[in-house]
Amino acid sequence: MVTRAQITCVRGGFITEDYSGHILCDDFNKMDDLFSKAKRDKANRVLVTTVRSRRACTQTPVIFVQQRGH
């Protein structure tokens, strides 16, 4: 079974010599998904393969806004 979900991320800020913008991810992990190791692993794969590749450079900060799951 394949489920589809939208990932909402946004790049922000002005690109300058000292600042390459930032990536903001809002509720990257759903609360119900935190109880499933398979879903956590999938979210981590997306983070490592997709979100990281969207950075302007290796120092581009990635900011996560989400609920605390513990």
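Values in this text are rule-based calculations from the coordinates and carry no lab data. A quick note: this is a predicted structure, and the numbers were derived from the prediction, not measured. Ideal geometry is used to build each Cβ from the backbone, glycine not excepted, and the neighbour counts take in all protein chains shown.
What ranking, highest mean first, results for peptides 22-30, 59-67 when packing means the other Cβ atoms within 10 Å averaged over each residue?
22-30, 59-67
Mind checking which aspartates and glutamates have their Cα closer than 18 Å to the Cα of residue 42? Skip sequence neighbours fewer than 8 apart in that chain.
26, 27, 32, 33
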